[in-house]
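The values are calculated or read from the model by the stated rules, or taken from the named source; none is laboratory data. Here the structure is a predicted model, which is why all the values come from computation and not from measurement. All Cβ positions, glycine included, derive from the backbone under ideal geometry; neighbour counts span all protein chains shown.
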Amino acid sequence: MDDCPICLQPIDVDDIVATIDQPGESGRYHYACIGEWIKKSTNGILTHTPIDSLDVLQNQQLICKINLIIQPKEEELDDYCPDFCILF
């Protein structure tokens with residue numbers, strides 16, 4: 001088990017987590033924590049470059065990919081993303 005670099009709290013195995021999908025960014029973050037980060041800054045935590053997309057995982061399985069550059073229409077999100085993916 002590792003800690004979320006944003007809140008410094010443990011990440012449990014069954015927590016919904018997000019990773020920043022671009023070179024130079026590593027680490028797993030609580031989904032809620034990265035959501036708060038994105039509201040304040042769309043730049044990466046480590047590289048400080050614009051974030052293109054996030055991978056959302058639960059139990060180490062990819063459950064959603066969020067594109068922060070071209071946001072899909074609401075009805076398209078319903079087709080491939082659970083409701084909690086529309087936090088931002």
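Here is how the numbers come out for the structure above:
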item: The stretch 1-56, residues that are of a type in the set (A, V, I, L, M, F, W, C) and touching a helix residue (DSSP H, G or I) at 6+ places or on another chain (Cβ under 8 Å); result: CYS4, ILE6, CYS7, ILE16, VAL17, ALA18, ILE20, ILE45, ILE51, LEU54, VAL56
item: Contacts under 9 angstrom Cβ, first residue in the stretch 27-52 being at positive phi, partner surrounded by 16 or more Cβ atoms within 10 Å (Cβ to Cβ) and outside any loop (DSSP other than H, G, I, E, B), 6 or more apart; result: GLY27/THR19; GLY27/ILE20
item: Some residue of the stretch 10-23 being in contact with a Lys or Arg (Cβ under 9 Å, 6 or more places away or on another chain) and modelled with pLDDT under 90; result: yes
item: Conditions (1) within 16 Å of GLY24 (Cβ to Cβ); (2) surrounded by 14 or more Cβ atoms within 10 Å (Cβ to Cβ); (3) among the aliphatic types (A, V, I, L, M); number of the one not met by ILE66; result: (1)
item: Filter pass, ASP55 being over 13 Å from the mean Cα position of the chain (by Cα) and either part of a strand (DSSP E or B) or surrounded by fewer than 17 Cβ atoms within 10 Å (Cβ to Cβ) (or both); result: no
item: Restricting the stretch 32-52 to residues that are assigned to a helix (DSSP H, G or I) and among the β-branched types (Val, Ile, Thr), the residue that is surrounded by the fewest Cβ atoms within 10 Å (Cβ to Cβ); result: ILE38
item: Any hit, the stretch 72-88, residues being modelled with pLDDT of 85 or more and charged (D, E, K, R); result: no
item: Residues satisfying the stated conditions in the stretch 45-68, i.e. more than 13 Å from GLN22 (Cα to Cα) and either at pLDDT below 90 or not β-branched (Val, Ile, Thr) (or both); result: LEU57, GLN58, ASN59, GLN60, GLN61, LEU62, ILE63, CYS64
item: Restricting the stretch 4-31 to residues that are outside any loop (DSSP other than H, G, I, E, B) and under 15 Å from the mean Cα position of the chain (by Cα), the residue that is nearest to LEU46 (Cα to Cα); result: ILE20
